[in-house]
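The values are calculated or read from the model by the stated rules, or taken from the named source; none is laboratory data. Computed from a prediction, not measured in an experiment: that's the story for all the values here. Glycine gets a Cβ as well: all are built from the backbone with ideal geometry, and neighbour counts include every protein chain shown.
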Amino acid sequence: MHKRQTLSLIIVATFLVILGVVSGVDAATNSTNYRIDEDFIGPGGQLESNSTNYRLDQGQSSAGNAGGVGESASTNFQVQSGSTTTSDPRLSCSLGSSSLNFGALSTSVTATGTATFSVLNYTSYGYVVNILGTPPTTGSSTLTAMGSNGPSTTGTEQFGINLRDNSTPNIGADAVQNPSGTFSFGAPTTNYNIVNSYRYVNGESIASSVRSSGQTDYTLSYIINASTTTAGGAYSGNQTILCTGTY
Amino acid sequence: MTSIQKKYQSSPKRLFSLLAIAGLVFASGLSTFAPDHTSAAQISARKLTISSSSAAASNATTSYTFNFTIPSSTVLASAEAEICTTASGSCTTPTGFANASSTLVSQPTGLGDAAGWTVNTSTAGSLRLSKSGNVAAPTGNQTVVFGNVQNPTTANQTFFARINTYTGATWTGAVDSGIVAAATTSQITLTGTMDEALTFCTGTSITGVNCGTVAGSAVNFANFSSSATSSGTSVMAASTNGGSGYAITVNGGTMTCASCPGSPTIAALAAQTASSTGTAQFGMNMRANTTPSAGADLSGAGTGTYGANHGTTNQFRFVTGDSVATASAATNANAFTATYIVNVPGNQAAGTYSATMNYIATATF
């Protein structure tokens, strides 16, 4: 009888050890009634995390700190904390506008339009956004792209863009960092970052970030000016933006 | 009581041995199914550049350029980029993505041998290349370019390329890996309309080529003389965005005295002729003439020119319907000066002569 109990104990212990090995490599902890996806659980609140010599600033549990990211320091301790997140790369590149109608082109009034796009990347060494596509065409006639930076000039055939809040003509918006400039770093490239100066070169880089960035919302401002020789007809063209991240 | 229990009872040492072996075997088996934390080395400086982010279907024309740096110097025989909707976990090919027609645009650089790599399209959703018998180890930075790839057809979708390298030519023997993200976007369609335009004006004076300044509608030759040429001018300006330009014709009759008995006329010059006093002549041209001193050449930045029979200095003609100015393509404005001459013989009937000139500009778009 004593041997039987010993045997049972050994069997149970063996399985517990084996199960322990298995659970130790399981990233998710769960049962019927709960699940914890990330099994590293930090201190749970600033009030409970203070003493004379240390403090943990627990962002997730305090109003106004959305990310649980913060730096805690005292004379004797310093803690930089943050949420544990996926190491998977991410690149989000979305266009908010699918069509722009410039209406009647004119030799005396600049036709304008705007389109928006947003870019977000993660675990990368930054991203580059290129714009692709030819200027609008009708038949064999293509609107003249502005190969170098210049102002909008009525009466001169021009097709150009920039990513700024312009006054001449009054269109566009500056890039918006979302949620803030602390987390997002995208910016228009130099040639497309000058107020009231337009340009369009197919394939050129129009925006970039040199590091991992939260969402940056960009506004593409288009201008079209027609000359007396701008061929009559219905103009159309397709443009795409191309986002490339480096990881 | 079972026979096994009997055995256990009869031989506890043997039972311990069996249990120990069973435990080891079980643990060993479990470790096989436990997640493998000893992953392949990470490929660095990874980048996927697609030639177009268009999500258009039936458009297998996109090139996928992979730039990366392999950390190990193991000789490779194959590599692949699995295109997935997620960066990790089981791979689901994004809707619409297709590699069936993919090609190797050029031989990869830095991956191994300089030549002999071939594309393999047999595995849907995976861009693959291999070279059986490759002997060179990877060096420096690698570039692999696939062509004729069909992008995922969902706009504004992020997708992932899981890059893996292998020692085997059949994508076996994994060495290094790395993941990159890319995205499709919707297209921006730009539309606008440029109205067909023809700007044309006539008068007797104009500032530059600006039709807004044109004025006057009558040319008075005063008294005709058999010894001196009477002359006068009118102006016109034209521009068009018509792709084939414009043609301007003059339409009307020669100088006629409608109030005179028999309605006498001054003979029009049916061919280009020099001005000759004492002879009945009514003619015109579009040049700056010296005999008589009248008229002006065209002005303006346009590409318009003179009509065939009205562009010779000191040569005049009048045939209704003649083309006096043309442009062969869309053109900015030009201003033209029409010069009229009148010569009369000594027996020209007295009276007041007049004529009306209608200029018609026709653009071809």
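Points worth noting:
- Taking every residue in the stretch A:79-100 that is more than 8 Å from chain B (Cβ to nearest Cβ) and pairing it with any residue that is in a strand (DSSP E or B) and modelled with pLDDT of 70 or more, at least 6 positions away or on another chain, the pairs with Cβ-Cβ distances below 8 Å are A:Gly96/A:Ala115; A:Gly96/A:Thr116; A:Gly96/A:Phe117; A:Gly96/A:Ser118.
- Applying a threshold of 9 Å to beta carbon distances and a minimum spacing of six or more residues, or different chains, the list of pairs starting in the stretch B:103-120 at a residue that is aromatic (Phe, Trp, Tyr) and ending at one that is part of a loop (DSSP other than H, G, I, E, B) reads B:Trp117/B:Gln107; B:Trp117/B:Pro108; B:Trp117/B:Leu111; B:Trp117/B:Lys131; B:Trp117/B:Asn134.
- A single member of A:Ser152, A:Ser108 is farther than 23 Å from A:Ser212 by Cβ and surrounded by fewer than 18 Cβ atoms within 10 Å (Cβ to Cβ), and it is A:Ser108.
- Just one residue in the set B:Ala115, B:Ala45, B:Ala100 is farther than 17 Å from B:Thr139 by Cβ and not basic (Lys, Arg); that residue is B:Ala100.
- Of all residues assigned to the stretch A:176-185, none qualifies as being touching a Phe, Trp or Tyr at 6+ places or on another chain (Cβ under 6 Å) and in the same structural domain as A:Thr229 (by TED's automatic domain parsing).
- Failed criterion for A:Pro179 (all others in (1) over 30 Å from B:Phe365 (Cα atoms); (2) crowded, with 16+ Cβ neighbours inside 10 Å hold): (2)
- Unique match (being at pLDDT 95 or above and either within 30 Å of A:Asn225 (Cα to Cα) or out of contact with any Gly (no Cβ under 6 Å at 6 or more places or on another chain) (or both)) among A:Thr84, A:Thr116: A:Thr116
One line per residue, one yes/no per condition, for (1) hydroxyl-bearing (Ser, Thr, Tyr); (2) surrounded by 18 or more Cβ atoms within 10 Å (Cβ to Cβ); (3) under 44 Å from the mean Cα position of the chain (by Cα):
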| position | (1), (2), (3) |
| --- | --- |
| B:Ala288 | no, no, yes |
| B:Pro292 | no, no, no |
| B:Ala296 | no, no, yes |
| B:Ala301 | no, no, yes |
| B:Tyr306 | yes, yes, yes |
| B:Thr312 | yes, no, yes |
| B:Phe316 | no, yes, no |
| B:Gly321 | no, no, yes |
| B:Ala327 | no, yes, yes |
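Results for (1) in contact with a strand residue (DSSP E or B) (Cβ under 8 Å, 6 or more places away or on another chain); (2) within 29 Å of B:Ala333 (Cβ to Cβ); (3) at pLDDT 95 or above; (4) aliphatic (A, V, I, L, M), shown as yes or no for each residue.
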| site | (1), (2), (3), (4) |
| --- | --- |
| B:Thr202 | yes, yes, yes, no |
| B:Gly243 | yes, yes, no, no |
| B:Pro261 | no, no, yes, no |
| B:Ala296 | yes, yes, yes, yes |
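- Any hit, the stretch B:232-253, residues being surrounded by 19 or more Cβ atoms within 10 Å (Cβ to Cβ), over 23 Å from B:Gly300 (Cα atoms) and assigned by TED's automatic domain parsing to the domain that holds B:Tyr306: no
- Any hit, the stretch A:203-224, residues being surrounded by fewer than 23 Cβ atoms within 10 Å (Cβ to Cβ) and of a type in the set (Asp, Glu): yes
- Filter result for A:Asn149 (within 27 Å of A:Thr216 (Cβ to Cβ), touching a residue at least 12 places away in the same chain (Cβ under 8 Å) and facing chain B (nearest Cβ under 8 Å)): no
- Where a residue in the stretch B:257-279 is farther than 24 Å from B:Gly311 by Cα and its partner, wherever it lies, is outside any loop (DSSP other than H, G, I, E, B), with Cβ under 9 Å and at least six apart: B:Cys257/B:Thr265; B:Cys257/B:Ser354; B:Ala258/B:Ser354; B:Ser263/B:Thr256; B:Pro264/B:Thr256; B:Thr265/B:Thr256; B:Thr265/B:Phe282; B:Gly278/B:Asn343
- Condition met for A:Ser141 (within 10 Å of chain B (Cβ to nearest Cβ) and under 15 Å from A:Cys93 (Cα atoms)): no
- Only listed residue being within 14 Å of chain A (Cβ to nearest Cβ), in contact with a Ser or Thr (Cβ under 9 Å, 6 or more places away or on another chain) and not aromatic (Phe, Trp, Tyr), chosen from B:Thr165, B:Thr170, B:Thr202, B:Thr191: B:Thr191
- Checklist (1) over 30 Å from A:Thr228 (Cβ atoms); (2) assigned to a loop (DSSP other than H, G, I, E, B) applied to B:Ser231, failing item: (2)
- Here A:Gly160, A:Gly172 are screened, and the one residue that is touching a residue at least 60 places away in the same chain (Cβ under 8 Å) and touching a Lys or Arg at 6+ places or on another chain (Cβ under 8 Å) is A:Gly160.
- The residue list A:Thr240, A:Thr244, A:Thr228 contains one member that is under 13 Å from A:Val119 (Cβ atoms) and within 11 Å of another protein chain (Cβ to nearest Cβ), which is A:Thr244.
- Selected residue (criterion: modelled with the highest pLDDT) from residues of the stretch B:179-188 that are out of contact with any Leu (no Cβ under 7 Å at 6 or more places or on another chain) and at the interface with chain A (Cβ under 7 Å from one of its Cβ atoms): B:Ile179
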